[in-house]
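Encoded as structure tokens, the structure appears first; notes follow it.
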């Protein structure tokens, strides 16, 4: 079978099934990060690949921004488990005719965010390559029991942090208008695309107070990542379209596309989590300490109902899940 | 400046200088692995990139062999610090028209060696890519104080494990003769190239008994890696050509090239270490427990003398250091 038929998630499932679970491994392939234990300490390890022409286009991305974002997406994976980031390794495939200044810019972007987030860049590797790519692996500590994708139950509330769709709309505008568009709404959306903020404070606090029962970060689009969470928890979900948190700049620019980017856009790096209904008051009490607004967007339903989107009138309608699959989408 | 002028080691030096050393980081960029501490436990983290057309040619490498070797080279980095391997993450860039069977073969190679060496594959990422590449990161424990590259002193003896040059000669023969050559000498050299053995037992024992004062694994060729060790330890070295450990198959096939591949070939994955002269007897006593023969090949001299090769008559001659630099060598 060709990879283009099997798809990214089919491949990961195959790899996961063929991989024996090792000693000290609490959670291997298949969540936002691996969870391993050593002498009663828990560690989280996450990895991300960013490939030129697949994940980024150097037309719309500065090397500084790419360095920044490389770390940000890994921080987001740890945030989604309630972890605390610590050690970063970065490997780069670089065309031999590259200007070294590009690479220095890239590392300036990395170290700017690393120093803010208590991360040490400790190693990596470099190689010649026909196109530019970045492979990162971030290890963190888990001060509290990590939150996986599997703890959601029928009847739970669904919450997200921040606002959705900004990043995808920002990229869309960049592609359509280049640098020509003006105004702070435009700048806001573009910065959400180029300099995403990982929700570390929220993730750690939700782990500490044990309120999030299942959690994932939204990197491939709300519906797709909700699908991953539901599959792992063996539940379905209903999401109210009107409840989606949309920023003012998003509403300004989205036009007829409405909530399209918020549902399927990707690269939000917000957190999506399940809360038991009885914990609503407790969540209310710690809300201000999360460092980011949260919004209830739906609820967990039995698995057989799948994932439904409900419009204003409460009628279900379906939105095709169009998140990222790097193999099914041709280069 | 172009990368092709700066070179791989110039680039790594630039990155190292621009990187602040973080909390808990005992050793960052610049050794075989990073060394970090957390609650009095030491961890080692190493990373390697393998890029199609740079590190391997799918004409001479099976996917199974590539998976095996990916882990082997990372094990070797940990062996060189005296570490004990534990958690592996693998990220793959894969052309979309690849047959999924290739990838399954690759993982079979990984898991075969992983289960032998107590390593758990815990995660990674995958992406479409124009050419195939592998990015691995391996985390290990350090049961004893890790051995860095910096502890060599003038007057120390230089030792290597195993035999040198087999891998490079094996690759040379594969390229020249393809699968056509016969005989066990040929098979031996090819297997040394395709299925290298990391010297984990030797590395851990040398760390335990504190006999190796500086250590590195030979991945880029003896002279180049000796150069890295000498630079880190601020010493020079003299190596006796006649002392180099060469296998019988190597002597059979090397012909007029003599010790050429042993000095500059690369991909030996043997260990090179410094021993204080007063420790010779102690080394003699534990030799049998190393799991591999060791050979004294030279001694450490003052830095100003550089790296000298001495022929049988004791006359110094120079061999140009032709190890790997992935940027200086064009694709």
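DSSP bridge analysis restricted to chain B gives an antiparallel fraction near 75%, rounded to the nearest 5. Starting from the Cα of residue B:201, move 7 Å in the Cα-to-Cβ direction to define the label point; list residues of the stretch B:89-122 whose amide nitrogen is under 15 Å from there. So the set is B:116-118. Over the Cα atoms of the stretch B:157-317, the radius of gyration divided by the Kirkwood radius equals 0.98; this is the Rg/Rh ratio. Just to be sure I understand: with springs between alpha-carbon atoms less than 10 Å apart, which residue in A:208, A:116, A:194 has the highest mean-square fluctuation in the Gaussian network model of chain A? Greatest mean-square fluctuation among the candidates belongs to A:116. Classification of the stretch B:114-191 by its C-alpha gyration tensor yields an oblate form. The axis ratio a/c (a ≥ b ≥ c) is 1.5 or more, and b/c is at least a/b.
A Gaussian network model of chain A, with springs between Cα atoms under 10 Å, assigns the largest mean-square fluctuation among A:108, A:276, A:256 to A:256.
Of all beta bridges DSSP finds with both residues in the protein assembly as shown, what is the antiparallel percent, to the nearest 5?
Given both bridge residues lie in the protein assembly as shown, the antiparallel proportion sits at roughly 80 percent.
Label-point spacing at residue A:258 relative to the other copies reads 8.1 nm, in ascending order, each point sitting 7 Å out from Cα along Cα→Cβ.
For the stretch B:31-141, the relative contact order is 41 percent, taking Cα pairs closer than 8 Å that sit 6 or more residues apart in sequence and dividing their mean separation by the residue count.
Using the Cα gyration tensor of chain A, with a ≥ b ≥ c the square roots of its eigenvalues, what is the shape: rounded (a/c below 1.5), prolate (a/b larger than b/c) or oblate (neither)? Here chain A falls in the rounded category.
In this rough spin-label picture, where each label sits 7 Å from Cα along the Cβ direction, the residue B:39-residue B:18 distance is 3.6 nm.
Once you have a ≥ b ≥ c as the square roots of the Cα gyration tensor eigenvalues for the stretch B:237-306, tell me rounded if a/c is under 1.5, and otherwise prolate or oblate according to whether a/b is larger than b/c. Oblate is the answer for the stretch B:237-306, as a/c is 1.5 or above yet b/c matches or exceeds a/b. Computed on the stretch B:157-317, with alpha-carbon pairs under 8 angstrom and 6+ residues apart, the relative contact order is 43 percent.
Mean residue ellipticity, 222 nm, helices only, the protein assembly as shown: the sum of -39500 (n - 2.57) across DSSP H runs of n ≥ 4, divided by residue count and rounded to 500, is -10500 deg cm²/dmol. Across identical copies of the chain, residue A:181 has label-point separations of 6.2 nm, listed in ascending order, with the point defined 7 angstrom from Cα along Cα→Cβ. Among B:226, B:171, B:58, the residue with the largest mean-square fluctuation in a Gaussian network model of chain B, with springs joining Cα atoms closer than 10 Å, is B:58. Distances between equivalent label points of residue A:118 across the copies, with each point positioned 7 Å along Cα→Cβ, amount to 3.0 nm, shortest listed first.
Read-outs throughout are calculated quantities, based only on the coordinates presented, and are distinct from any laboratory measurement. Every value quoted in this text rests on a predicted model; they were computed, and no experiment measured them. Ideal geometry is used to build each Cβ from the backbone, glycine not excepted, and the neighbour counts take in all protein chains shown.
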